[in-house]
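Data first, discussion second: the structure below is written as structure tokens.
No value in this document is a laboratory result; all are computed from the given coordinates. Just so we're clear, the structure is a prediction, and the values are computed from it rather than from any experiment. So basically every Cβ, Gly included, is an ideal-geometry build from the backbone, and we count neighbours across all protein chains shown.
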Ligand SMILES: Cc1cc2nc3c(=O)[nH]c(=O)nc-3n(C[C@H](O)[C@H](O)[C@H](O)COP(=O)(O)OP(=O)(O)OC[C@H]3O[C@@H](n4cnc5c(N)ncnc54)[C@H](O)[C@@H]3O)c2cc1C
């Protein structure tokens, strides 16, 4: 099997997750080449073929131009699989390439069985195996699903030529809203999820956080509902935390939330649904309605 | 101006899923269905644009699926969409993203929409492909994962959400397709008059072939509960007793209660 690993350039550097693309190819025992639209002074460390275009010419985000560059690399290398990380850049570009190639795409791959790729469904409660029926397949990999591997060495460069002209124009980056709470150093975090149900019940979460001497965190919907500020959000589009204790209240455990808190030393989950995927990372799973359980726990701690 | 919104009906994810006999998806019996979260943002955004432009744009909502999805089309109409379209497809759950996009593009192509809104992904499948594949087939601009959107004439500006909560601001001309992310807006609740009115409205019905169904590019098997790696303790029972057990376990397994914070 021949893989074309598509490495992402973030602020001039190969993204750290590029190592997981190499880990995936190793898992498959596949032949590897890399496509990279980046900085010529900072190439992925790899002693094979790199299809390369200069980011100063092609932009860090320019999906139309990047699609055409990748199609050149596919044309030249004829890979069986074109592999991206499932990042905001990868999930945006992969289907464009798949559409142009009329190739099957499998999104957020977590494992491989025979000719098929394993993916999560129903918010991580279930899984399925998807087998491509086309000769080329486009894949995106779930972050953290494959081991990180850094091959090392200096690449052999195959230059790609950018054709300009794009239907989307990149204007600028905006930094995340800076409203102040740093959860990354907190020892204890008690997080509120959608299951908390209302702003009023967020007080139960705050009271428990106070009794534990910890900070209040949040899942995405709790922030979107305006219950808590964005700087308290944990997950891929929020903060990545590693407290000694993480209490997940009414949080189902979507992969984007888990990505931000699976480094916690001890996870206590409070959820009415005992099959909720948060069970995957919970050291202690309390199947209960948080509206009854949180006040009881807070009272017990105060005594 | 013509706007299309694509919506999917999804199951309530707190349900327990039982694989079907073919092992491709779940048995539907006993499940409750509703509009995909991300698609609610799409409907809301389309209706807001209609309002901003003094009601001039015509908003069409499309859903592919069995008879039950009409309910979701009606909800979108009660939220403010003008026309409803149902691609009556009993086998929608077994279609792959390529096939769904083929049907949407087949419907949308000749009707020349200026703007198409979809969710960035569905909560049950999460392929994140349908919007992009549709736009690529139609040969129009596509911006994904959008948390901010504005329109001036035929020029749009959107904010894409990136990792860590950063944003990428992009500009593009119409026609275009936008995939909506959580946080773009707060979807409205349908009003009672809206609901009553939507009930009386006709919904255009198409067959998958009329919409432009193509052959699949993938095959699915092995739909099953996730293999749990979790080896944690599960506790159930009375809240007060649970609290005592949890405090005892926290004392045993962690040092956090000894830091003095919890006294
Ligand atoms: C690109 C992208 C980035 C994202 N980034 C993030 C991110 O950074 N952080 C993040 O959190 N999410 C993120 N998400 C969203 C993520 O996919 C989930 O939608 C989200 O994490 C779900 O939040 P939740 O668990 O609070 O809500 P839900 O999934 O709705 O879960 C609510 C839970 O509460 C339980 N519950 C309900 N009532 C009660 C009760 N009375 N007592 C106890 N339990 C109850 C339910 O059983 C359920 O498990 C992102 C999504 C995308 C697509």
### Task
Would you give the gap between the C-alpha center of region B:93-133 and the C-alpha center of region B:2-79, rounded to a whole Å?
12
### Query
Taking the Cα atoms only, what angle lies between the long axis of helix A:18-28 and the longest principal axis of chain A, rounded to 10 degrees?
80
### Task
For every helix of n ≥ 4 consecutive DSSP H residues, a contribution of -39,500 (n - 2.57) applies; sum these over chain B, divide by its total residues, and give [θ] at 222 nm rounded to the nearest 500 deg cm²/dmol.
-9000 deg cm²/dmol
### Task
Based on the mean of other Cβ atoms within 10 Å per residue, sort peptides A:203-210, A:89-96, A:234-241 so the most packed one is first.
A:89-96, A:234-241, A:203-210
## Note on the structure
Here the FRET efficiency for residue B:251 versus residue B:191, based on Cβ atoms and R0 = 51 Å and rounded to 0.05, is 0.45
### Query
Convex hull volume of the Cα atoms in region A:1-120, per residue, in Å³?
101
### Message
Could you identify which residue out of B:248, B:141, B:215 has the top mean-square fluctuation in a GNM of chain B using Cα springs shorter than 10 Å?
### Response
B:248
### Query
In whole Å, what is the distance between the alpha-carbon centres of region A:85-127 and region A:202-251?
30
### Task
Enumerate the residues in region A:204-224 having an amide nitrogen under 20 Å from the point lying 7 Å beyond the Cα of residue A:10 toward its Cβ.
A:220
### Query
Per residue of chain A, what 222 nm ellipticity follows from adding -39500 (n - 2.57) for every DSSP H run with n ≥ 4, rounded to the nearest 500?
-7500 deg cm²/dmol
### Task
From other protein chains only, count the Cβ atoms within 10 Å of every residue's Cβ in A:207-215, then give the mean.
3
### Query
Remind me, relative contact order of chain B in percent, using alpha carbon pairs under 8 angstrom and six or more residues apart?
23
#### Entry: Average partner coverage of B:15-23, which counts Cβ from other chains inside 10 Å
2
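Using the C-alpha atoms of region B:1-149, what convex hull volume per residue, in cubic angstrom, is computed?
Convex hull volume per residue, Cα atoms: 106 Å³.
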### Task
Bin all alpha-carbon pair distances of the protein assembly as shown at 10 Å intervals from 0 and give each bin's fraction as a whole percent.
3, 17, 27, 27, 18, 7, 1, 0
### Task
Once you have a ≥ b ≥ c as the square roots of the Cα gyration tensor eigenvalues for region A:181-251, tell me rounded if a/c is under 1.5, and otherwise prolate or oblate according to whether a/b is larger than b/c.
oblate
### Task
Take the alpha carbon gyration tensor of region A:59-127, find the square roots of its eigenvalues, order them as a ≥ b ≥ c, and report rounded if a/c is under 1.5; if not, report prolate when a/b exceeds b/c, else oblate.
oblate
### Query
At q = 0.18, 0.19, 0.20 Å⁻¹, what base-10 log of I(q)/I(0) does the Debye formula yield for region A:183-302 when every alpha carbon is treated as an equal point scatterer in vacuo?
-0.81, -0.91, -1.03
#### Entry: 10 Å binning of all Cα-Cα separations within chain B, expressed as whole percents from 0 upward
6, 26, 29, 18, 11, 8, 1
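Please say if region B:162-222 is rounded, prolate or oblate, where rounded means a/c under 1.5 for a ≥ b ≥ c the square roots of the C-alpha gyration tensor eigenvalues, and otherwise the choice is prolate for a/b larger than b/c and oblate otherwise?
The shape class here is oblate.
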### Query
Under the Kirkwood approximation applied to all pairs of distinct alpha-carbon atoms, what is the hydrodynamic radius of region B:117-224 in Å?
16.8
#### Entry: Ranked list, fewest to most other Cβ atoms within 10 Å of each Cβ, for A:242, A:191
A:242, A:191
### Message
Nearest 10 degrees is fine. How inclined is helix A:90-101 to the longest principal axis of chain A, computing both from alpha carbons?
### Response
40
### Query
So what's the gap between the Cα centers of region B:190-263 and region A:1-65, to the nearest angstrom?
35
#### Entry: Convex hull of Cα atoms in region A:47-189, direction-averaged projection (nm²)
12.6
### Query
Counting alpha carbon pairs within less than 8 Å and at least 6 residues apart, what relative contact order, in whole percent, applies to region A:1-121?
26
### Message
Please compute the contact order of chain A in relative form: average sequence separation of alpha-carbon pairs under 8 Å and at least six residues apart, divided by the residue count, as a percent.
### Response
15
### Query
In Å, the Kirkwood hydrodynamic radius of chain A over pairs of distinct alpha carbons?
21.1
### Message
If you fit an axis through the alpha-carbon atoms of helix B:239-253 and take the longest principal axis of the Cα set of chain B, what angle between them do you get, 0 to 90°, nearest 10?
### Response
70
### Task
Compute the distance in nm between two label points, each set 7 Å from the Cα along the Cα-to-Cβ direction, one at residue B:112 and one at residue A:169.
2.5
